[in-house]
Amino acid sequence: MAVRIIRKGNDPDLREKASEIKKITPQIINILNDMAETMYSAEGIGLAANQIGIPKQLVVIDIQDGNLIELINPKIVELEGKENNVEGCLSFPGIIGEVSRAKKVTVEALNREGQNFRIVTNGLLSRALQHEIDHLEGKLLIDRAIRFIEPSEKEL
Ligand code: ZN
């Protein structure tokens, strides 16, 4: 396993549309392992493969509840409600934006064994899933933000 370099700011890698995984090879498993290690080392709660320069539909999330979720080819199948809240991004250190997202989300993906699974959730995990799946489309926090939060407002 290795910590990869996280692409930041205007890096064109962040704008690339990620391609679907056709076959879960040992190389894909390696990338997932590196993504988790990179996310934990940066103390983030989610990472998309675009963020380490690999335009493939791979996402890792751990909202610091000790549960690592790996998603291959994740798709949002249902969105419900609306909720504004603040979020950050490992590709934009120091930036906190207020973003309007669906409250509840249903996501389908494959795990590393190639089995289909479904997550229905709200709160922080819902937000993290929507944020990371945005990355796979080349969509970023800075595009979505309604406004940016000043450091003095952080206690929000
Ligand atoms: Zn991000």
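Read-outs: derived from the displayed coordinates by stated rules, not from any lab. Just so we're clear, the structure is a prediction, and the values are computed from it rather than from any experiment. Every residue, glycine among them, receives a Cβ derived from its backbone with ideal geometry; neighbour counts consider all protein chains shown.
Data for the structure
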{"quantity": "In segment 19-58, the trypsin sites (Lys or Arg not before Pro) that fall in loop regions by DSSP, at most 14 other Cβ within 10 Å", "calculated": "LYS22, LYS23"}
{"quantity": "Sorted by Cβ density within 10 Å, fewest first, the residues SER41, SER126", "calculated": "SER41, SER126"}
{"quantity": "Footprinting exposure proxy for ASP11, ASP34 (fewest neighbouring C-beta atoms within 10 Å first)", "calculated": "ASP11, ASP34"}
{"quantity": "Sequence-distant lysines (8 or more away, or on other chains) whose Cα lies within less than 16 Å of LYS103", "calculated": "LYS82"}
{"quantity": "Per-residue HN-Hα couplings for segment 63-69 [Karplus 6.51, -1.76, 1.60; θ = phi - 60°; Hz; x = Gly/Pro]", "calculated": "7, 6, 10, x, 10, 7, 10"}
{"quantity": "Rounded if a/c under 1.5, otherwise prolate or oblate - segment 12-154, Cα gyration tensor axes", "calculated": "prolate"}
{"quantity": "Cα-centred dipole magnitude for segment 12-154, charges only on beta-carbon of K, R (+1) and D, E (-1), debye, nearest 20", "calculated": "400 debye"}
{"quantity": "Ranked SER152, SER91, criterion: other C-beta atoms within 10 Å, fewest first", "calculated": "SER152, SER91"}
{"quantity": "Nonlocal amide H pairs with GLY138, under 5 Å, H built at 1.01 Å", "calculated": "ALA18"}
{"quantity": "Rounded if a/c under 1.5, otherwise prolate or oblate - segment 8-73, Cα gyration tensor axes", "calculated": "oblate"}
{"quantity": "Within the chain, helix-based [θ] at 222 nm, where runs of 4 or more DSSP H residues each add -39,500 (n - 2.57), nearest 500", "calculated": "-6500 deg cm²/dmol"}
